[in-house]
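Data first, discussion second: the structure below is written as structure tokens.
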Amino acid sequence: MSVAGGEGRGKDGFASALLDWYDDHARILPWRVPPGSDERPDPYRVWLSEVMLQQTTVATVRPRFERFLERWPTVSDLAAAPQEDVLSEWAGLGYYARARNLHACAKVVAEQGWPQTEEGLRALPGLGTYTAAAVAAIALAERAVVIDGNVERVVARIFAIERPVRQAGAEVRAGAAALTPAARPGDYAQAMMDLGAGVCRPKRPDCLLCPVRPFCDAAARGLTEELPVRVPKKPRPVRSGVVYVGVRPDGAVLCERRAENGLYGGMLGLPSSDWKEGGADAGAPVASDWVNVGEVEHGLTHFILKLTVQTARLGDAPSGTFFTDDLSGLPTVFRRCVALASVHAAANDAP
DNA sequence: TATTCGTGGTA
DNA sequence: TTACCAAGAAT
């Protein structure tokens, strides 16, 4: 990269300054080894953490990572588990294709061992450009160019990329590659994460504490708050449907296993109608003794779900369904439906 | 390239 | 309250 005209220095020394900062300010996280450590972290732990962290906050992942690892300490343990158990353990984390791919990946790795290159990792299910690079850098000490949302934001600011980052992928990659050092690739990648999370934040970046401010074109131009440029998202449509909470006398709830792909694919769910846009049909109850107990509104990435919840006391389960008293394996939206029905039942039971 | 995949926290 | 968004992948 050339020295930006009239904007101070080039980027030589960026990685060194960032790593010096990381040595003193690295977050302590359960899947990490301390900065500068000679030991390489367990690829299994690195991979699991990276998959869990996809579009998911550190605060959410931390306890779930610990619990998951306690249940399946090695990749072979995970590979040997039934898929339903893995999906159940993932419940509440969202993006459930991650759990299906995680299990598929574990089976491959248990059989063949971990690939020793970024390219090899990229061929595994659930490892895209980012995750393959991150695991290669952190677990294999390979000089991989790691680009996640943090790196994208930092690079957009360091080079003052004013085009929408969505369309400036090549420019972001070139910038990230130019900054990435050959030494300490794992520490460098994680340092970029920590910088993005704690200093070079999306809003109100803390430039006064930034170890790489001398290299930052956006700071030099007063553009940090404006970058990166993102295209505004379209408004989310509403999908409506009916969910049925069938309760047995002992309290167990009627469930069914959902289709392998699509929304909540492979997960445990409650019986329900289709969820359609515009179809505000309150949906006639499947039987006369199903009573309406209210509505659950649940926001997803690309639409908003408005679910009418109906409940009834049942004696036996229709084919394809079964009762369970353990709701921990249900995605959040279904747990919310059960919770609403429970409130209704409690109100009715109290004479 | 654009869409489909969840959820919870924050301003 | 809405809007944003957090260590993205698959198609």
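See the values below:
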| item | result |
| --- | --- |
| Residue within segment A:239-262 that is within 30 Å of residue A:159 (Cα to Cα) and either away from DNA strand C (no atom under 16 Å from the Cβ) or touching a residue at least 12 places away in the same chain (Cβ under 8 Å) (or both) present | no |
| Condition check for residue A:80: surrounded by fewer than 16 Cβ atoms within 10 Å (Cβ to Cβ) and either over 20 Å from the mean Cα position of the chain (by Cα) or closer than 21 Å to residue A:188 by Cβ (or both) | yes |
| Residue, farthest from DNA strand C (Cβ to nearest atom), within segment A:92-111, restricted to residues that are part of a loop (DSSP other than H, G, I, E, B) and within 17 Å of residue A:66 (Cβ to Cβ) | A:92 |
| Those residues of segment A:221-256 which are of a type in the set (A, V, I, L, M) and surrounded by 17 or more Cβ atoms within 10 Å (Cβ to Cβ), in sequence order | A:223, A:227, A:242, A:243, A:245, A:247, A:252, A:253, A:254 |
| Total residues in segment A:303-351, condition within 16 Å of DNA strand C (Cβ to nearest atom) and at pLDDT below 95 | 0 |
| Failed item in (1) part of a helix (DSSP H, G or I); (2) within 26 Å of residue A:38 (Cβ to Cβ); (3) touching a residue at least 60 places away in the same chain (Cβ under 8 Å), with residue A:132 passing the rest | (3) |
| Subset of segment A:265-276 [surrounded by fewer than 20 Cβ atoms within 10 Å (Cβ to Cβ) and more than 13 Å from residue A:321 (Cα to Cα)] | A:265, A:273, A:274, A:275, A:276 |
| Single condition residue A:210 does not satisfy, out of (1) under 25 Å from the mean Cα position of the chain (by Cα); (2) crowded, with 18+ Cβ neighbours inside 10 Å | (1) |
| Among (1) in contact with a Leu (Cβ under 8 Å, 6 or more places away or on another chain); (2) modelled with pLDDT of 95 or more, the one test that residue A:75 misses | (1) |
| Pair list, Cβ under 7 Å, 6 or more apart: segment A:32-61 residue over 20 Å from residue A:78 (Cβ atoms), other residue at pLDDT 95 or above and within 10 Å of DNA strand B (Cβ to nearest atom) | A:55/A:95 |
| Some residue of segment A:71-85 being within 16 Å of DNA strand B (Cβ to nearest atom) and in contact with a His (Cβ under 7 Å, 6 or more places away or on another chain) | yes |
| Condition check for residue A:89: away from DNA strand C (no atom under 12 Å from the Cβ), surrounded by fewer than 19 Cβ atoms within 10 Å (Cβ to Cβ) and assigned to a helix (DSSP H, G or I) | no |
| Qualifying positions in segment A:144-185 - free of Cβ contacts under 8 Å to residues at least 40 places away in the same chain and of a type in the set (Lys, Arg) | A:173 |
| Residue A:147 within 16 Å of DNA strand B (Cβ to nearest atom), among the aliphatic types (A, V, I, L, M) and closer than 21 Å to residue A:57 by Cβ | yes |
| Scan of segment A:207-231 for residues that are within 16 Å of DNA strand B (Cβ to nearest atom) and assigned to a loop (DSSP other than H, G, I, E, B), ordered by number | A:228, A:229, A:230, A:231 |
| Only listed residue being surrounded by fewer than 20 Cβ atoms within 10 Å (Cβ to Cβ), of a type outside the set (Asp, Glu) and over 27 Å from residue A:261 (Cβ atoms), chosen from A:141, A:123 | A:141 |
| Any hit, segment A:291-301, residues being on the phi < 0 side of the Ramachandran plot, at pLDDT 95 or above and in contact with a Cys (Cβ under 6 Å, 6 or more places away or on another chain) | yes |
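The values are calculated or read from the model by the stated rules, or taken from the named source; none is laboratory data. Computed from a prediction, not measured in an experiment: that's the story for all the values here. Here Cβ is always computed from backbone atoms with ideal geometry, including for glycine, and neighbour counts include all displayed protein chains.
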